[in-house]
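As structure tokens, the structure follows; a few thoughts come after it.
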Amino acid sequence: MLNPFGSSRRRGPPLSTNSARNRTTLNAWPAFFVASFMLGIPVNAAEPPRRPNVVLVVADDLGWADLGCYGSKYHRTPHLDRFAASGMRFTDAYAACPVCSPTRAALMTGLYPARLNLTDWLPGRPDRPDQMSRRPDISQRLPAGTPTLPGELKKAGYVTGLIGKWHLGGAGSAPIDHGFDVNIAGDHTGTCLSYFAPFKDRNGRFMPGLENAPDGQYLTDRLTDEALKFIEANKAKPFFLYLPHYAPHTPMRAKPETIAKYKAGKHGEQGHPVYAAMLESLDENVGRLLKKLDDLKLADNTIVIFTSDNGGLATLEGMPAAPTFNGPLREGKGYLYEGGIRVPLIVRIPGMTKAGTTTGEIVCSIDVMPTILEACGVKSDARVDGVSIVPALKGGELEGRSLYWHYPHYANQGGRPGGAVRIGKLKLIEHYEDGRRELFDLKEDPRESRNLINELVAPAKTLPSLLDAWRKKLGARMPTPNPNYLPNPQAADGSITLPARTARIHGVQLRFEPLPHKNTLGFWVRAEDWASFEFTVSKPGKFAVEVLQGCGQGQGGSDVVLIVGEQQVTFTVEDTGHFQNFKSRLVGEVTIAQLGRHTLEVRATKKAKAAVMDLREVKLTAR
């Protein structure tokens, strides 16, 4: 059996003990039964109480702010809002990774993705010449032999079923290989073959168990149909239903009549009608699921958990509009900022959670397995990185701890390799390409808009050490230099384009702000901050230098210098009426005589007002 801790010796305490915090089912049995058991008296007439059922619903790419109960004014989620009112809502819950497969592995095992060496979506984004680093090799499946939540529950007498997305390996690593009795729709793929029946790809391959479906049936409805059948078939025994919906992951597909209910929103707000319709269907089906539990009189003995695998997709990724907007949180899926990793989490455990409660306890995907096992009274020898959050569900507090993230990859959404650690209200992000660090106080600044790395001296030293020690402890694999790195190559017409997304940031506040809402170097509020661009010359010569700059009304007048080798080009920033109103300006000329890689620096020599400028692009045009 493979040990994900990298040693034949198991570490750490077991998931459940006989402590007050981790009671077994025996503690909850009637007193006369306990006494009879201890005295060895037959008690055929007395049966132990049935263990609670478990329903774990996971949405795909659902953002922290997308539900009404989390503040959305655009999306319609009445069933999930009512569910939140019947249980406990977490404000500071996190996915174990900013992309899907690693978080799903964490949910199933209670382990950090770095420990499993499964740190990217499967099969992952390949290395490319425009990426400075090479990704580490990752496991292409959930490692065989790793104890899993369904496996541990199955050993305790549960019937286990997965209905929906798996994305943790194919043949040999299917759901039935990791503790599930039933698998419908789960395979190696990360995107559904179709949101409308027939549920198959162009080659005629069907999603497992969905071979028969009436044309036009909607996938979210069908998965719920199957979930209801599973509950009905197993109502007389304890069951674990894992229902990871494909919605609202791309491609954006929804029922036309539902889409028609929504009008497109404004720039910088939630407002994607198709995404909203997908979410409304998801919400309706959660309502169907909860009603089934009520109708079968199972609700009072069923744990229900709802969450997401990562933050909402807030970039274009080949689409005309981003599916959602995660404000006030920064960025989204694929990023280690809050918008990429903070997720909704709603938990209802009868007799434990108080209806309508909200908690700010800091929890993570890795906590789901130990929490469910304790709440079900299931003892396990599996070792996990997460902790049981039962104390929080009872209205108490969790012991202080650090949470970690390791994402040594380039994301399709624009995120770059990095790691992060949160302890208390402080969060540090370390960028692996150049070691740059950002430190935020999430209590005062949940938007992560003010980097405190130069102000909080002690945490700026302690948190990187914690992150580094954690990586070493888990054997986390790091990116390495890319020998085929070819930054911003010269085009056939001789021009060289340096888009803002390719800049390397030097300093504290300056940052790249991605599409769809921006596509620029912004937050240039410190004159000391600067940026650099690497580019590759294949045809030397003279080049005209053109900048695409924006500047707010009354904010012009800053002086900027562009540096290439020993050459300098200077210009004064012009007021364009708004930082996002960009003006193309020819500012000078440089000569590049050598083939190969070069660097262009952009520095402010004078900051006139609140910010220097926004810079979308620098272009070198061959003379």
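To keep it simple, each residue is scored yes or no on (1) surrounded by fewer than 24 Cβ atoms within 10 Å (Cβ to Cβ); (2) in contact (Cβ under 8 Å) with a residue 60 or more places away in the chain.
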position: 113; (1), (2): no, yes
position: 120; (1), (2): yes, yes
position: 123; (1), (2): yes, no
position: 129; (1), (2): yes, yes
position: 133; (1), (2): yes, yes
position: 145; (1), (2): yes, yes
position: 157; (1), (2): yes, yes
position: 166; (1), (2): no, yes
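Can you name the residue in the stretch 375-403 that is more than 28 Å from residue 86 (Cβ to Cβ) and over 26 Å from the mean Cα position of the chain (by Cα) and, of all such residues, is surrounded by the most Cβ atoms within 10 Å (Cβ to Cβ)?
380
Restricting to the stretch 365-398, name every residue that is more than 19 Å from residue 355 (Cβ to Cβ) and part of a helix (DSSP H, G or I).
365, 366, 367, 368, 369, 370, 372, 373, 374
What are the residues in the stretch 387-426 that are free of Cβ contacts under 8 Å to residues at least 24 places away in the same chain and under 19 Å from residue 332 (Cβ atoms), if any?
Correct list: 416 only.
Please determine, by comparing only the residues of the stretch 591-608 that are in a loop (DSSP other than H, G, I, E, B) and either under 35 Å from the mean Cα position of the chain (by Cα) or of a type in the set (Gly, Ala, Ser) (or both), which one is nearest to residue 556 (Cα to Cα).
So the residue we want is 608.
Here's the yes/no breakdown for (1) over 24 Å from the mean Cα position of the chain (by Cα); (2) crowded, with 19+ Cβ neighbours inside 10 Å; (3) part of a loop (DSSP other than H, G, I, E, B):
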position: 142; (1), (2), (3): no, yes, yes
position: 154; (1), (2), (3): yes, no, no
position: 183; (1), (2), (3): yes, yes, no
position: 186; (1), (2), (3): no, yes, yes
position: 189; (1), (2), (3): no, no, yes
position: 204; (1), (2), (3): yes, no, yes
position: 215; (1), (2), (3): yes, no, yes
position: 223; (1), (2), (3): no, yes, no
position: 232; (1), (2), (3): yes, no, no
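In this structure, does residue 439 turn out to be surrounded by 16 or more Cβ atoms within 10 Å (Cβ to Cβ), out of contact with any Cys (no Cβ under 9 Å at 6 or more places or on another chain) and either of a type in the set (A, V, I, L, M) or closer than 30 Å to residue 598 by Cα (or both)?
In short, yes.
Between a first residue in the stretch 363-386 that is farther than 22 Å from residue 308 by Cα and a second residue that is acidic (Asp, Glu), which pairs have beta carbons less than 8 Å apart while being 6 or more apart in sequence or on different chains?
Filtered contacts from the stretch 363-386: 378/152; 380/152; 382/152.
Hey, residue 469 hits all of (1) surrounded by 18 or more Cβ atoms within 10 Å (Cβ to Cβ); (2) over 19 Å from residue 569 (Cα atoms); (3) within 31 Å of the chain's Cα centre (by Cα) but one; which does it fall short on?
Condition (1) is where residue 469 drops out.
Taking the stated definitions as given, is residue 106 among the aliphatic types (A, V, I, L, M) and surrounded by fewer than 24 Cβ atoms within 10 Å (Cβ to Cβ)?
no
Of all residues in the stretch 288-314, how many are in contact (Cβ under 8 Å) with a residue 12 or more places away in the chain, of a type outside the set (A, V, I, L, M, F, W, C) and surrounded by fewer than 17 Cβ atoms within 10 Å (Cβ to Cβ)?
Here the count works out to 3.
Can you name every residue in the stretch 247-278 that is modelled with pLDDT of 95 or more and among the small types (Gly, Ala, Ser)?
Scanning the stretch 247-278 gives 247, 254, 260, 264, 271, 276, 277.
Just to check your reading of the model, which residue among 580, 568 is more than 16 Å from residue 495 (Cα to Cα), without any contact (Cβ under 8 Å) to a residue 60 or more places away in the chain and not basic (Lys, Arg)?
Of the residues listed, the single one that is more than 16 Å from residue 495 (Cα to Cα), without any contact (Cβ under 8 Å) to a residue 60 or more places away in the chain and not basic (Lys, Arg) is 568.
List the strands (runs of 3 or more DSSP E) inside the stretch 427-525, counting only whole elements, that have at least 2 residues being closer than 25 Å to residue 362 by Cβ and outside the structural domain of residue 542 (by TED's automatic domain parsing).
Output list reads 437-441.
Find the residue count for the stretch 329-362, including only residues that are free of Cβ contacts under 8 Å to residues at least 60 places away in the same chain and at negative phi.
1
Do we find that residue 141 is basic (Lys, Arg) and either closer than 26 Å to residue 111 by Cα or in contact (Cβ under 8 Å) with a residue 60 or more places away in the chain (or both) in this structure?
Criteria met by residue 141.
So, residue 209, is that one more than 26 Å from the chain's Cα centre (by Cα) and either free of Cβ contacts under 8 Å to residues at least 12 places away in the same chain or farther than 30 Å from residue 297 by Cβ (or both) or not?
Against the criterion (more than 26 Å from the chain's Cα centre (by Cα) and either free of Cβ contacts under 8 Å to residues at least 12 places away in the same chain or farther than 30 Å from residue 297 by Cβ (or both)), residue 209 does not qualify.
The values are calculated or read from the model by the stated rules, or taken from the named source; none is laboratory data. All values derive from a computational prediction rather than experimental measurement. Here Cβ is always computed from backbone atoms with ideal geometry, including for glycine, and neighbour counts include all displayed protein chains.
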